[in-house]
Amino acid sequence: MSLKDLNKTQKAAVEAIEGSVLIFAGAGSGKTRVLTHKMHYLIEGGHYKPEEILAVTFTNKAASEMKSRVASMLGQKDLNINIGTFHSICARLLRSEISILGYSRHFAIYDVQDQLDLMKIVLAELNVPKDMLSPNMVRNQISQYKSKMITPKAQARKARNKFDKLVADVYKAYQDKLKENDALDFDDLLLKPLELFDKNPHILTKYQNMWKYILVDEYQDTNRPQYEFLTLLSEQHGQITVVGDDDQSIYGWRGADVTNILNFEKFFPSCRVFTLEKNYRSTQQILEAAISVVGKNVQRAEKQLVAACGEGEPLALIETVDELEEADAIVSALEKEIKLKKRTFNHFAILYRTNAQSRALEDSLRRIGIPYNIVGGIRFYNRKEVKDVIAYLRLLMNLKDTVSLRRILNFPTRGIGVKTINKCVAKAEEDKIELFDVFKTPTEMHIRGKQSDALAKFYTVMMKYHELRHTLSPNELSRSLVEEVGILSHFKNSNDPEDRERYENVIELLNSIDAYCERNKDATLNQFLEEVSLLSDIDHWNDDDNRVTLMTIHSSKGLEFPVVFVAGLDDGLFPLYNALQTEKGIEEERRLFYVALTRAEQRVYLLYATNRRRIGAEVASGLVSRFVKEIPEKYLERLSFSSALTRKVIGGAARKYTRTKLSRTVTAFDDFRVGDKVSHAIFGSGQIMALSGTGENQRVGVVFHDGVKKKLIVKYANLTKV
């Protein structure tokens, strides 16, 4: 096996296979290459069998790419190596072992919406006033407790006032309700293996003997349960390699603890440490700017990145009047990059601190006709009709799943209202039986007529498919169930025009189950449902699409683009006001800024607005982010931009503040006609085939030289006659 394509430090890190190893991998320094080569080295060199290796990462996309690379290097199609996210590895383990804790191996995995639905039931049963605790607030609080391994009992002991006591009571009731539903939430997937290991040491020994070498990617993002999981698994053999970059630890808000990587040498005193400082992604000017900011953090390991790609250009800094002009400035810069440097749309990423910032950016891209992907919108598997079908599938696998049961009991419409459901719930509690079992005899609850028939039929159909779950393949089971309960006919026969799309989405879901079964010959429906529940936004992103990518900076970690725009660099927006309250908060925001800059390979544009709408129509005056001020001037190139705006300063009450009123002006437009040959900065030359309106509202349909058809608003398209 050849390691000649690795640099000296990378090669040494790969060959270090005895004991614990810590690899500090700066942004773009080839950490994935080191991990894949190390797995190859361990297997090809005969040190370990593939099945004795456990590799853990944070996204399904990264796990899939890593497994594919190692298999290719070994010249194998199917590689029997355990590579996955923490959640998927733990879920797999629990499917085999969780019966010891009183759950079935068909337990449901509740996503955020499922958790909120369950939390609403818990709060209602405890008679908690709506204005005292919102489902989302208490769900987030409980997730924080779990990330710190605080149990309901421990939280109850710590409670110092009535409110804390109430939250602890809700926490306990929520956990009890999860168990009643034979369900786990995402946090439980990490905690339950630890409970198993603690109560059953022989199970821990089993997995210690099974996974003899452990590799961990993005170790800086681990929380306490993940740290405990890895520590327990490796304590017997001590063979563990962790790779990460403390400067990219950006998930403290969800429990990640940067000290896990910074203190690794304390936890594993004999570990060997390697620092990868050669950067193969960004130019030196981008790296220097990024390091000049993150270097001001106190809690970090010192490293100095050196670019293999040369010096590069300074970072462009653009001041704009508001978020609308900011969006226009991005589009203008994007057009110039395409025209002068022959770039394609997928060379660009527009990053922002909060999802709310995307609206103005999307509007500007749409007006010009620039295609884009937005990461973090409504994912396919989160669409209502798709979740409804998935709820049916989850229920047939796990009849205790009352969250799924409540979701679909009246879908398609069966005339079963809230009163009927409440009767059923009361009967189940009175007879101490599962809610689903109540539907077998609806007449005992004095439910008559159509409602009684509907409940009995629902019970019969679901029992039929529950009994067939091990007989039929997942795709046969799904298609038959969806057809029989009438979901397809419900959408197909609807007069609602949007139901056509919903129908197609259900068909697409069934197609995805077909494809899953083709990829996995021995697939089970539970495995498919598990994969769907653990998907993240980034797993859906496809960099082969020729579109501009819009996403939050958090979503961008691990990705790279030739050109990156960082929008919204106003102090208080980035960094966020809330983060300024603590040193820990401001340090994490600096790391987030570092991540944003180091996504770029060749060019970075930094943008801020002196006025920005924050809440409703309110306009707040803004100052440039302190992070921009922390970049030495020699790395910045200030660019001016002005769109067609009329600005008028208006005084506030007693002139204590000023705000800027902005209105777009109409400029002179060409008098276009059908048949005119035109030129566009991005799409090139074309011919007008359709036209409507005049002046500011004029719209044209253009067929460009490569056959691309676009509908454009003349006011914004900057078309010129050829």
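The values are calculated or read from the model by the stated rules, or taken from the named source; none is laboratory data. As the structure is a prediction and not an experimental result, all values here were calculated from the model. Note that each Cβ is placed from the backbone with ideal geometry, even for glycine, and that neighbours are counted across all protein chains shown. To get the accessible areas, we keep the full protein, side chains included, count just its heavy atoms, and leave off ligands, DNA and RNA. Shrake-Rupley method; radii C 1.70, N 1.55, O 1.52, S 1.80 Å.
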Quiz prompt | Candidate set: the range 412-459, residues that are open to solvent by 90 Å² or more (accessible area, probe 1.4 Å) and under 29 Å from ASN493 (Cα atoms); chosen: the one modelled with the lowest pLDDT | solution = ARG448
Practice problem: Inspect the range 632-644 for any residue being basic (Lys, Arg), at pLDDT 90 or above and not in a strand (DSSP E or B) and give the result as yes or no. | Solution: yes
Exercise. Test TYR213 against the stated conditions and say whether it is under 29 Å from the mean Cα position of the chain (by Cα), crowded, with 17+ Cβ neighbours inside 10 Å and free of Cβ contacts under 8 Å to residues at least 60 places away in the same chain.
Key: no
Self-check item: Restricting the range 12-44 to residues that are open to solvent by 20 Å² or more (accessible area, probe 1.4 Å) and β-branched (Val, Ile, Thr), the residue that is modelled with the highest pLDDT
Solution: ILE43
Quiz item: Of everything in the range 99-116 that's assigned to a helix (DSSP H, G or I) and open to solvent by 40 Å² or more (accessible area, probe 1.4 Å), which residue is farthest from SER404 (Cα to Cα)?
Solution: ILE100
Quiz item: Looking at (1) closer than 27 Å to SER143 by Cβ; (2) touching a Lys or Arg at 6+ places or on another chain (Cβ under 8 Å); (3) in contact (Cβ under 8 Å) with a residue 60 or more places away in the chain, which is the only condition THR241 fails?
Solution: (1)
Quiz prompt | Qualifying position, being among the small types (Gly, Ala, Ser), open to solvent by less than 50 Å² (accessible area, probe 1.4 Å), free of Cβ contacts under 8 Å to residues at least 60 places away in the same chain and in contact with a strand residue (DSSP E or B) (Cβ under 7 Å, 6 or more places away or on another chain), among ALA301, ALA289, ALA316, ALA307 | solution = ALA307
Quiz item: Mind checking which residues of the range 117-159 are modelled with pLDDT under 90, open to solvent by less than 40 Å² (accessible area, probe 1.4 Å) and over 27 Å from the mean Cα position of the chain (by Cα)?
Solution: ALA159
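So that you can scan it fast, the table gives a plain yes or no per residue for (1) surrounded by fewer than 22 Cβ atoms within 10 Å (Cβ to Cβ); (2) within 25 Å of ALA13 (Cβ to Cβ); (3) of a type outside the set (Asp, Glu):
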site	(1), (2), (3)
LEU190	no, no, yes
LEU232	yes, yes, yes
GLY244	no, yes, yes
ASN260	no, yes, yes
GLN284	yes, yes, yes
Practice problem: Find all pairs meeting these conditions: Cβ atoms under 8 angstrom apart; at least six residues apart or on different chains; first residue within the range 440-453 and part of a loop (DSSP other than H, G, I, E, B); second residue among the polar types (S, T, N, Q) and buried (at least 17 other Cβ atoms within 10 Å of the Cβ). | Solution: ILE447/THR420
Quiz item: In the range 490-518, which residue that is hydrophobic (A, V, I, L, M, F, W, C) and under 18 Å from VAL532 (Cα atoms) is modelled with the lowest pLDDT?
Solution: ALA515
Practice problem: Restricting attention to the range 583-599, report how many residues are without any contact (Cβ under 8 Å) to a residue 40 or more places away in the chain and either closer than 14 Å to THR552 by Cβ or surrounded by 24 or more Cβ atoms within 10 Å (Cβ to Cβ) (or both). | Solution: 1
Quiz item: Hey, among ASP169, ASP188, which residue is closer than 19 Å to ASP131 by Cα, in a helix (DSSP H, G or I), touching a helix residue (DSSP H, G or I) at 6+ places or on another chain (Cβ under 8 Å) and without any contact (Cβ under 8 Å) to a residue 60 or more places away in the chain?
Solution: ASP169
Exercise. For LYS206, state whether it is open to solvent by 10 Å² or more (accessible area, probe 1.4 Å) and at pLDDT 95 or above.
Key: yes
Quiz item: Can we say VAL386 is open to solvent by less than 50 Å² (accessible area, probe 1.4 Å), of a type outside the set (Ser, Thr, Tyr) and under 30 Å from VAL548 (Cα atoms)?
Solution: yes
Practice problem: Tell me, yes or no, whether the range 62-70 has at least one residue that is open to solvent by less than 20 Å² (accessible area, probe 1.4 Å), modelled with pLDDT of 90 or more and either in a loop (DSSP other than H, G, I, E, B) or within 29 Å of VAL532 (Cα to Cα) (or both). | Solution: no
